[in-house]
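One structure is given below, encoded as structure tokens.
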């Protein structure tokens with residue numbers, strides 16, 4: 001039933017990275033609480049982890065009902081999909097929130113189709129209007145936004161990071177905890193190997209300052225120059241898709257529609273033309289500084305401060321200047 | 001081995017912003033002169049992935065499948081000129097916007113009509129709607145395993161081994177055929193159509209099916225696009241003066257320090 005006045009509960013798919021809840025989970029809980037206020041339902045959270053601290057954090061951040069996996073954990077898409085679909089069916093959840101990252105983007109369509117619901121991915125906001133869940137999507141390579149009304153529940157929504165402030169923690173909140181058992185027999189694939197990037201320095205998603213390079217760097221050696229500035233500033237280093245596709249840097253450094261979404265206080269874009277594909281991942285930064293040799297580069301339309309010039313001359317001078325100020 | 005590659009025709013995602021406009025009455029991108037229709041780049045890379053398998057195993061057959069208006073024949077021609085063997089267009093009226101469920105359902109029926117296959121490939125998302133739903137949705141309808149965001153694919157006997165991009169790293173996953181794999185941009189650049197294949201393209205088997213050849217049941221739209229628009233940019237860029245790099249650097253650092261950003 002959709003478009004009716006019955007109360008509707010929201011399920012957040014929590015993510016655990018290195019034994020801790022990922023930042024996106026707290027953003028999803030904040031959105032879920034707002035949706036639940038409008039739809040009159042409760043907030044549930046499913047987590048593939050059996051640490052008590054994880055459950056406590058989820059409840060403190062707004063979840064009323066936790067479903068946690070008590071047997072050993074799995075990353076298999078079939079196993080996770082089956083557990084989520086079962087939890088939705090058993091508890092009549094009508095909206096499902098995933099983070100829009102590799103984890104969520106992989107699982108969300110499977111869950112939507114198997115639950116016979118509907119889906120809006122890549123959303124930067126969500127609402128409940130006229131009895132329907134609605135998502136505002138980033139589309140056309142970041143050039144446009146589409147508002148999509150989901151006419152069939154469960155309404156599955158993947159949300160871009162930075163779409164909401166993280167939920168406030170209230171350790172006095174109470175919630176129900178229900179253990180679930182994942183069924184490993186449904187797996188149709190096998191994980192052979194998993195390589196984690198050796199992330200030197202800061203994580204892109206949480207850094208206050210990010211400096212990123214694109215095609216204009218001219219080659220992989222340009223990233224060495226960026227790293228020297230990053231060290232001085234305490235910044236993380238990112239890249240445009242072109243720079244990643246050219247093999248100049250690791251794909252996990254990619255910022256943009258198919259990479260990471262970041263919201264630093266300061267974003268310094270070096271030799272990046274500013275295609276909407278890229279800006280979709282960084283346009284929400286508080287201050288954007290663009291350095292580019294081409295005065296007509298579209299990046300200057302999104303930047304607060306622009307410098308037309310050669311980064312090879314500029315960046316070493318910037319390092320010198322910072323050193324002077326700090327001394 | 002038979003590989004089916006699902007492709008989509010889109011408005012050129014690399015178009016200059018000035019040529020990208022939206023008719024807010026119809027919620028559609030306006031087709032203006034200079035805004036080309038191209039194969040969605042992720043799908044082009046899916047064809048590339050299939051061709052790399054064919055390079056290793058020349059008896060591999062590659063069928064490209066698209067749903068679209070008559071103009072979508074161009075993307076099939078492009079795929080055949082890259083080296084694909086056969087092409088199928090599921091012809092729908094121009095201007096019909098299918099949601100992801102309807103698209104996956106159409107593809108499901110088309111794949112059933114094709115008959116046997118070992119592998120289905122698709123781009124990780126289309127370069128227009130950027131949803132990334134149809135690939136996995138099709139696998140769900142076909143009840144076959146799906147692996148997303150591939151950057152490398154290798155078929156070993158009846159298995160397929162996929163290196164896939166995940167958050168902060170990569171995974172190697174294997175599954176049994178038949179399977180569906182979505183291809184990510186990390187797989188590398190697609191080859192250009194070559195002269196030999198382009199000459200042969202017009203003689204390669206190409207079929208055109210209509211909705212009547214497929215579904216008899218009406219498709220109910222579950223995702224309703226109620227508004228499509230271009231977000232307004234409110235920023236104003238302040239260009240730093242200064243005639244030398246040293247001067248510009250000094251201005252910038254002072255500015256950022258004053259704003260307590262560094």
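The values are calculated or read from the model by the stated rules, or taken from the named source; none is laboratory data. Every value quoted in this text rests on a predicted model; they were computed, and no experiment measured them. Because the Cβ atoms are built from the backbone with ideal geometry, glycine has one as well, and the counts that use them run over all protein chains shown.
For the criterion of being more than 13 Å from chain B (Cβ to nearest Cβ) and either in contact with a strand residue (DSSP E or B) (Cβ under 6 Å, 6 or more places away or on another chain) or at pLDDT 95 or above (or both), residue A:70 passes.
Selection within the range A:251-262: residues that are in a strand (DSSP E or B) and within 10 Å of chain B (Cβ to nearest Cβ). The member of this set that is nearest to the chain's Cα centre (by Cα) is A:260.
Being touching a strand residue (DSSP E or B) at 6+ places or on another chain (Cβ under 6 Å), at pLDDT below 95 and more than 14 Å from every other protein chain (Cβ to nearest Cβ) is the filter here, so list the residues in the range A:164-208 that pass it. Passing the criteria: only A:182. When the range A:269-290 is filtered for residues that are more than 9 Å from chain B (Cβ to nearest Cβ) and farther than 30 Å from residue B:133 by Cα, the ones remaining, listed by number, are A:269, A:270, A:271.
Per-residue answers, yes or no, for (1) outside the structural domain of residue A:251 (by TED's automatic domain parsing); (2) part of a strand (DSSP E or B); (3) touching a residue at least 12 places away in the same chain (Cβ under 8 Å):
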site: A:107; (1), (2), (3): yes, no, yes
site: A:110; (1), (2), (3): yes, no, yes
site: A:124; (1), (2), (3): yes, yes, yes
site: A:128; (1), (2), (3): yes, yes, yes
site: A:146; (1), (2), (3): yes, yes, no
site: A:152; (1), (2), (3): yes, no, yes
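Take residue A:141 and decide whether it is buried (at least 23 other Cβ atoms within 10 Å of the Cβ), within 26 Å of the chain's Cα centre (by Cα), at positive phi and facing chain B (nearest Cβ under 8 Å). When the stated conditions are applied, residue A:141 passes them. In the set (1) within 23 Å of the chain's Cα centre (by Cα); (2) more than 7 Å from chain A (Cβ to nearest Cβ), the condition left unmet by residue B:222 is number (2).
Residues in the range B:195-219 that are assigned to a loop (DSSP other than H, G, I, E, B) and surrounded by 12 or more Cβ atoms within 10 Å (Cβ to Cβ): 4 in all.
Conditions (1) touching a helix residue (DSSP H, G or I) at 6+ places or on another chain (Cβ under 9 Å); (2) assigned by TED's automatic domain parsing to the domain that holds residue A:160; (3) touching a residue at least 60 places away in the same chain (Cβ under 8 Å); (4) not in a loop (DSSP other than H, G, I, E, B), marked per residue:
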| site | (1), (2), (3), (4) |
| --- | --- |
| A:216 | yes, no, yes, yes |
| A:228 | yes, no, yes, yes |
| A:238 | yes, no, no, yes |
| A:242 | yes, no, no, yes |
| A:249 | yes, no, no, no |
| A:264 | no, no, no, no |
| A:278 | yes, no, yes, yes |
| A:297 | yes, no, no, no |
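Screening the candidates B:72, B:84, B:110 for the property of being closer than 30 Å to residue B:229 by Cα and outside any strand (DSSP E or B) yields one hit, B:72. Determine whether residue A:27 is farther than 11 Å from residue A:96 by Cα, modelled with pLDDT of 95 or more, under 13 Å from the mean Cα position of the chain (by Cα) and crowded, with 22+ Cβ neighbours inside 10 Å. So residue A:27 fits the description; yes. Could you tell me how many of the residues in the range B:148-178 are within 8 Å of chain A (Cβ to nearest Cβ), over 17 Å from the mean Cα position of the chain (by Cα) and not in a loop (DSSP other than H, G, I, E, B)? The total comes to 10.
Applying the set (1) within 14 Å of chain B (Cβ to nearest Cβ); (2) touching a helix residue (DSSP H, G or I) at 6+ places or on another chain (Cβ under 9 Å); (3) at pLDDT below 95 to residue A:19 leaves exactly one unmet item: (1). Within the range A:113-138, the set of residues being facing another protein chain (nearest Cβ under 7 Å), out of contact with any helix residue (DSSP H, G or I) (no Cβ under 7 Å at 6 or more places or on another chain) and within 25 Å of residue B:141 (Cα to Cα) comprises A:120, A:122.
A single entry from A:307, A:291 fulfils the requirement of being farther than 18 Å from residue A:265 by Cβ and not in a loop (DSSP other than H, G, I, E, B): A:307. The lone criterion from (1) within 8 Å of chain B (Cβ to nearest Cβ); (2) assigned to a strand (DSSP E or B); (3) farther than 21 Å from residue A:282 by Cβ left unmet by residue A:156 is number (1). The one condition from (1) closer than 25 Å to residue B:39 by Cα; (2) within 7 Å of another protein chain (Cβ to nearest Cβ); (3) in contact (Cβ under 8 Å) with a residue 40 or more places away in the chain that residue B:190 does not meet is (2). In this entry, residue A:318 is excluded by the filter for residues that are in contact with a helix residue (DSSP H, G or I) (Cβ under 7 Å, 6 or more places away or on another chain), within 9 Å of another protein chain (Cβ to nearest Cβ) and not in a helix (DSSP H, G or I).
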